[in-house]
Amino acid sequence: MNIVINGIHYEVEKNTTILQACRKAGIDIPTLCHDDRLEPFASCRMCLVEIEGSNKLVTSCSTVVKDNMVVYTHSDKIIEARKDVLDLLVGNHPLECLSCDKSGQCKLQDYCYEYGIIESSYNGDRREPYVDTSNPFYDYDARKCILCGLCVRVCDELQCTSAIGFGNRGFDTVVTTPFNEGLINSKCVSCGNCVSVCPVGALTPKVQKYRHWESKEVQTTCSYCGVGCQLNLIVKGDKVVGAQPSKEGPNDGLLCVKGKFAYKFINHPDRIKTPLIKRNGKFEEASWDEAYRLIRRKINGIKEESGSEAFAGLTSARCTNEENYLFQKLFRAVIGTNNIDHCARL
Amino acid sequence: MITVEKLKKIKKEQRPLLEKRLREIGNVDIKEDGSIVLNGDYYKKQLRIALKNCEIIDPNNIKEYIAVDGYFALADCLSNMSPKEIIEDIKESGLRGRGGAGFPTGKKWETAYSYDDDQKYMIANADEGDPGAFMDRSILENDPHSVLEGMIIGGYAVGADKGFIYVRAEYPLAVERLQIAIEQAKELGVLGNNILGTGFNFDIELRLGAGAFVCGEGTALIESIEGKRGMPRTKIYRTSHKGLWEKPTIINNVETYANVPVIFQKGVNWYKNIGTEKSPGTKVFALVGKVENAGLVEVPMGTTLREIVFDIGGGTQNGKKFKAVQTGGPSGGCIPADLIDTPVDFESLDEIGSIMGSGGMVVMDEDTCMVDIARYFLDFTVDESCGKCVPCREGTKRLLEMLERFVAGKGEEGDIERLERLSNTVTEASLCSLGKTAATPIVTTLKYFMDEYKAHIYDKKCPAGACQALVEYFITDDCIGCGACAKACPVDCISGEKKELHVIDQDRCIKCGACMEACPPKVSAVIKR
Ligand SMILES: Cc1cc2nc3c(=O)[nH]c(=O)nc-3n(C[C@H](O)[C@H](O)[C@H](O)COP(=O)(O)O)c2cc1C
Ligand code: SF4
Ligand code: SF4
Ligand code: SF4
Ligand code: FES
């Protein structure tokens with residue numbers, strides 16, 4: 001199919017949305033409610049574009065291209081419409097960027113910067129303040145919520161828990177749990193996938209203070225199970241202060257409660273950082289050299305005395321596939337036994 | 001098993017009984033061609049198709065419906081017509097949806113027909129959420145079988161075997177009568193399995209709405225039937241392609257369905273000749289407001305507003321000056337007196353900035369403030385916005401806040417421009433038609449009654465004298481000093497010696513109007529200005 005975007009011809013496949021076509025062409029379209037993994041929702045209206053021959057604006061995230069469509073993504077009319085949408089959003093949003101955890105990685109902040117919105121031109125009512133801090137890992141602050149619905153849809157469509165939904169109607173709408181009984185009393189499994197997708201500071205992990213610009217992301221494989229979820233650890237100085245799921249990898253941008261929130265052991269003072277060798281009935285810190293030497297000596301001794309079949313190896317589901325492979329190789333090729341198993345075989 | 005012969009037999013037996021009953025009541029004329037119409041001036045000027053059986057037959061007796069030719073169209077369609085032929089006839093008749101948008105019904109049915117699927121659905125939209133509207137209610141309560149018959153014909157045409165009627169829970173009588181009608185139709189064999197012995201199956205269930213206006217919007221209604229929150233879907237697909245549970249679904253308005261059997265009874269050509277070329281047939285209006293004869297009016301499309309408001313409605317009450325008429329419900333437009341000769345059809349109303357909507361028609365006289373009317377309708381939309389999309393959720397609220405400021409005398413320079421701009425954004429950027437049309441009352445009043453906006457904002461005056469905050473009670477020189485007003489004033493802000501001119505302390509006045517009422521009618525020295 002042929003389409004023209006901002007005067008340039010492109011060829012796209014059938015059934016692509018205008019947004020997908022634009023992204024492929026490297027044209028940046030602002031979106032607040034879109035996620036490739038979810039059904040189009042079209043609630044934020046930031047992705048509006050103009051189509052020649054039609055006097056209506058359409059949302060590019062939920063409009064499929066037609067052959068010979070002529071699209072404008074940044075006409076004056078569109079820019080003004082997006083400005084109005086942002087103006088309306090910040091008219092019901094506390095501009096607390098100075099103290100907001102999300103500052104620096106907030107889509108609302110970024111778009112206000114891009115479209116030159118300094119403050120709202122409306123000075124009217126605001127949504128009733130409402131917070132849910134009952135979950136041990138994260139908080140919800142309705143004042144900052146822009147109701148993009150990403151959290152609700154991730155929880156429903158991808159996490160398949162459907163713990164949260166919209167409550168009230170119109171201007172009073174909030175994200176909430178059934179009968180407003182609070183996250184802790186809901187079906188929520190604390191996976192935090194809602195927190196990961198929130199584009200603003202409405203859903204935030206419980207205090208782990210850091211500024212986005214003073215942190216860096218380190219990609220790693222989650223060590224809790226063998227699925228191999230990819231995540232980016234957020235590191236400030238030499239401390240891990242957060243985890244964000246990565247879209248590359250089998251987890252496609254999702255995590256469970258452990259991957260998302262259970263990283264605090266990394267910097268825990270009780271954590272064992274060197275091998276321990278038991279001497280005189282007491283564990284003592286040792287170097288890796290010492291430890292390997294001891295292992296080698298013991299293995300050789302037992303093998304001489306009782307043969308290879310005296311050994312059995314058991315690995316953990318928390319090891320990666322590569323580590324598990326190497327371990328069985330060690331047992332079969334070096335030690336010489338097939339007595340090798342894994343705790344996830346149950 | 002019921003057959004056409006049996007239907008004819010029922011008709012033959014029941015018809016004389018019906019006529020006898022009606023003659024006793026004496027509210028109808030029975031014409032030579034067999035049609036029965038309500039008598040009286042109010043009805044003479046109307047042409048009733050959708051309402052043709054209302055107040056004539058007993059809705060709780062399916063035999064009376066059969067006595068006025070009910071279910072014969074269904075029998076004819078099932079035995080003598082193919083689905084394709086039915087769709088062609090509906091297309092040819094030019095029938096357009098009566099739920100507001102006027103979408104061609106035949107075209108919609110054709111789309112659903114064209115998708116091959118193991119399951120398709122028919123839905124009757126009986127949510128009727130417009131304040132003051134009661135067209136559908138009247139049909140459901142007085143002639144439920146006409147809706148069932150229309151749905152079954154539609155089901156046969158598109159290949160659906162399941163129908164839902166989504167009806168407001170606030171219409172308990174309609175619900176009850178629909179339930180009775182469904183039971184009787186099943187018992188007789190015109191609904192359920194093997195209808196009229198043709199092998200066609202069709203079942204209808206009721207679903208009750210919980211009072212959200214937005215659930216009248218087709219896709220929100222579908223979400224609601226699916227058990228989800230009533231929020232409109234983004235329209236990637238037509239519902240006739242992927243609707244209820246992602247299956248091809250026809251959703252039509254109650255009045256639309258009520259028109260279907262008549263088209264087959266009387267023929268496509270008969271139908272096409274009523275109304276205008278692009279909007280054939282009739283439309284039912286709920287004529288309300290400051291009009292002498294309020295009520296349901298069904299007239300051919302293209303009838304002028306003047307004929308409806310003055311000839312049928314009898315004009316305004318108490319000889320007040322006619323000012324405007326609002327068509328199309330809360331998202332409709334206000335049409336000024338000088339456009340009273342506009343014909344009422346989809347195109348003509350659209351041209352002057354208003355809409356047909358579902359058929360609300362509110363008459364306004366000189367005492368109605370158009371800024372306040374816009375505020376009133378916005379207040380409704382703000383309450384009923386589902387909250388999904390930004391322009392409607394946040395924008396209608398800000399529009400309302402501006403209008404609230406105007407009627408309170410707090411409008412500022414530049415506000416009209418701001419109001420225009422935001423109205424435009426809400427209209428262009430909202431997701432569903434609730435938001436897209438929410439600003440129509442503002443846009444049309446700005447277009448036709450700009451003076452009133454300016455008076456409120458710049459002069460702090462309400463020309464209609466309706467906005468409490470902007471009126472002033474004032475005692476003229478005609479005052480005879482009787483003191484009746486001072487006695488009536490609940491905040492004691494009127495002073496004056498006996499037999500001398502009395503004065504109202506404007507700062508303390510609460511604008512209750514008690515003084516005006518207390519002043520002897522012969523004197524009438526208290527005026528509102
Ligand atoms: C906010 C909103 C409320 C609506 N309410 C109703 C309603 O109460 N009844 C109705 O028939 N259509 C209503 N509609 C129109 C429906 O979306 C739909 O167009 C209609 O039911 C289709 O039937 P028709 O083609 O027979 O008119 C509403 C639309 C909107 C946007
Ligand atoms: S933490 Fe997971 S289960 Fe809980 S609400 Fe968020 S997405 Fe749903
Ligand atoms: S909490 Fe965040 S993700 Fe959820 S609706 Fe609000 S802004 Fe969107
Ligand atoms: S326009 Fe209003 S009613 Fe329609 S989806 Fe948006 S918020 Fe909901
Ligand atoms: S991204 Fe398209 S409407 Fe939000």
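Some points to look at:
- All positions within segment B:313-336 that are hydrophobic (A, V, I, L, M, F, W, C), touching a residue at least 40 places away in the same chain (Cβ under 8 Å) and buried (at least 24 other Cβ atoms within 10 Å of the Cβ): B:A324, B:C334, B:I335
- Members of segment B:115-129 that are crowded, with 21+ Cβ neighbours inside 10 Å and of a type in the set (F, W, Y): B:Y121
- Single residue of B:E394, B:E417 found to be out of contact with any Phe, Trp or Tyr (no Cβ under 6 Å at 6 or more places or on another chain), away from ligand 1 (no atom under 16 Å from the Cβ), open to solvent by less than 20 Å² (accessible area, probe 1.4 Å) and acidic (D, E): B:E394
- Qualifying residue in segment A:93-107 (condition: within 16 Å of ligand 5 (Cβ to nearest atom), open to solvent by 20 Å² or more (accessible area, probe 1.4 Å) and away from every other protein chain (no Cβ under 13 Å)): yes
- Residue check for B:V407: over 23 Å from A:V58 (Cα atoms), buried (at least 24 other Cβ atoms within 10 Å of the Cβ), away from chain A (no Cβ under 14 Å) and not basic (K, R): no
- Residue, most open to solvent (accessible area, probe 1.4 Å), within segment A:25-53, restricted to residues that are outside any loop (DSSP other than H, G, I, E, B) and within 12 Å of chain B (Cβ to nearest Cβ): A:E50
- Residue in segment A:146-174 that is most open to solvent (accessible area, probe 1.4 Å), counting only those that are within 16 Å of ligand 5 (Cβ to nearest atom) and not in a loop (DSSP other than H, G, I, E, B): A:E157
- Note on segment A:129-145: residues that are within 14 Å of ligand 2 (Cβ to nearest atom), within 13 Å of another protein chain (Cβ to nearest Cβ) and open to solvent by less than 10 Å² (accessible area, probe 1.4 Å) amount to 0.
- Residue within segment A:155-167 that is within 14 Å of chain B (Cβ to nearest Cβ), under 25 Å from B:A212 (Cβ atoms), of a type in the set (V, I, T) and touching a residue at least 40 places away in the same chain (Cβ under 8 Å) present: no
- Of all residues in segment B:414-430, those that are within 11 Å of chain A (Cβ to nearest Cβ) have Cβ atoms under 6 Å from Cβ atoms of residues that are of a type in the set (D, E), 6 or more apart or on another chain, in B:T425/A:D84.
- Output for segment B:481-493, where each listed residue is surrounded by fewer than 12 Cβ atoms within 10 Å (Cβ to Cβ) and either charged (D, E, K, R) or assigned to a strand (DSSP E or B) (or both): B:D492
- Filter result (charged (D, E, K, R), within 16 Å of ligand 1 (Cβ to nearest atom) and crowded, with 21+ Cβ neighbours inside 10 Å) within segment B:430-480: none
- Some residue of segment A:124-142 being under 21 Å from A:L57 (Cβ atoms), part of a loop (DSSP other than H, G, I, E, B) and away from ligand 4 (no atom under 16 Å from the Cβ): no
- Residue within segment B:265-280 that is more than 14 Å from chain A (Cβ to nearest Cβ), closer than 30 Å to A:C33 by Cβ and of a type in the set (A, V, I, L, M) present: no
- Every test in (1) surrounded by fewer than 18 Cβ atoms within 10 Å (Cβ to Cβ); (2) more than 29 Å from A:G124 (Cα to Cα) is passed by A:C22 save one, and that test is (1).
- Filter pass, B:L22 being in contact with an Asp or Glu (Cβ under 6 Å, 6 or more places away or on another chain) and either assigned to a helix (DSSP H, G or I) or aromatic (F, W, Y) (or both): no
- In this entry, A:L48 is excluded by the filter for residues that are over 29 Å from the mean Cα position of the chain (by Cα), within 16 Å of ligand 4 (Cβ to nearest atom) and closer than 19 Å to B:E394 by Cα.
- Filtering B:D365, B:D379 for residues that are farther than 22 Å from B:E292 by Cα and surrounded by fewer than 24 Cβ atoms within 10 Å (Cβ to Cβ) leaves a single hit, B:D379.
- Enumeration of residues in segment B:36-71 that are assigned to a helix (DSSP H, G or I) and either out of contact with any strand residue (DSSP E or B) (no Cβ under 9 Å at 6 or more places or on another chain) or crowded, with 18+ Cβ neighbours inside 10 Å (or both): B:D41, B:Y43, B:I62, B:K63, B:E64, B:Y65, B:I66, B:A67
- Residue within segment B:494-515 that is among the aliphatic types (A, V, I, L, M), more than 25 Å from B:C369 (Cα to Cα) and open to solvent by 40 Å² or more (accessible area, probe 1.4 Å) present: yes
- Count of segment B:72-114 residues, restricted to those that are surrounded by fewer than 20 Cβ atoms within 10 Å (Cβ to Cβ) and of a type in the set (F, W, Y), is 2.
- Condition check for B:P463: more than 27 Å from B:V371 (Cβ to Cβ), assigned to a loop (DSSP other than H, G, I, E, B) and within 43 Å of the chain's Cα centre (by Cα): no
- Candidates A:G226, A:G249, A:G201: the one that is in contact (Cβ under 8 Å) with a residue 12 or more places away in the chain, outside the structural domain of A:R37 (by TED's automatic domain parsing) and either part of a strand (DSSP E or B) or within 30 Å of A:H93 (Cα to Cα) (or both) is A:G201.
- Strands (runs of 3 or more DSSP E) enclosed by segment B:178-267 - at least 1 residues per element that are aromatic (F, W, Y) and in the same structural domain as B:K107 (by TED's automatic domain parsing): B:200-209
- Scan of segment B:153-177 for residues that are in a helix (DSSP H, G or I) and either open to solvent by 10 Å² or more (accessible area, probe 1.4 Å) or under 23 Å from B:C215 (Cα atoms) (or both), ordered by number: B:G154, B:G155, B:Y156, B:P172, B:L173, B:A174, B:V175, B:E176, B:R177
- The lone exception for B:V214 - which of (1) in contact (Cβ under 8 Å) with a residue 40 or more places away in the chain; (2) within 14 Å of chain A (Cβ to nearest Cβ); (3) closer than 25 Å to A:N168 by Cα; (4) surrounded by fewer than 24 Cβ atoms within 10 Å (Cβ to Cβ) it fails: (4)
The values are calculated or read from the model by the stated rules, or taken from the named source; none is laboratory data. Since we're looking at a predicted model, the values are computed, not measured. FYI the Cβ positions are ideal-geometry reconstructions off the backbone, even for glycines, and counts take in every protein chain you see. Ligands, DNA and RNA are excluded from the accessible area calculation, which covers all protein heavy atoms including side chains. Shrake-Rupley method; radii C 1.70, N 1.55, O 1.52, S 1.80 Å.
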